[in-house]
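Below is one structure, written out as structure tokens; the observations come after it.
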Amino acid sequence: MTKGIRRFFFIGLSHETLENYYRVNFQLVNELGYSLTELDYMMPWEREIYIAMLIASLEEKKQQREAQGH
């Protein structure tokens, strides 16, 4: 059973490159304060939710900078 679950998640994450995985981890740690251990234990769908939150947060910060004239 475990082998089938691993295969499912491997296929589900096959769209992400290793470089992107590390870049996103770096952003999640620095912008949202997660630890690498927390990220390692996330379910793939849970990780996608936090990535969406990260993107929204970065876009909001960008809009605030633009509104201030920077």
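Here, each number is a calculation from the coordinates, and none is a lab measurement. Source: prediction; values computed, not measured.
Assorted remarks:
- Residue-wise HN-Hα coupling along segment 23-29, computed from phi with Karplus coefficients 6.51, -1.76, 1.60 (Hz; x: Gly, Pro): 4, 5, 4, 4, 5, 4, 5
- Residue-span extension gain [Gln68 to Ser35] - 0.36 nm each, minus C-alpha spacing: 8.7 nm
- Using the Karplus relation 6.51 cos²θ - 1.76 cosθ + 1.60 with θ = phi - 60°, the per-residue 3J(HN,Hα) values for segment 47-63 come to 4, 4, 5, 5, 5, 4, 5, 4, 4, 4, 5, 5, 5, 5, 4, 5, 5 Hz, with x marking Gly and Pro.
- Stretchable slack from Ile49 to Gln27, in nm (0.36 nm times residue separation minus alpha-carbon distance): 6.5 nm
- Cα centroid separation, segment 39-56 to segment 16-33: 10 Å.
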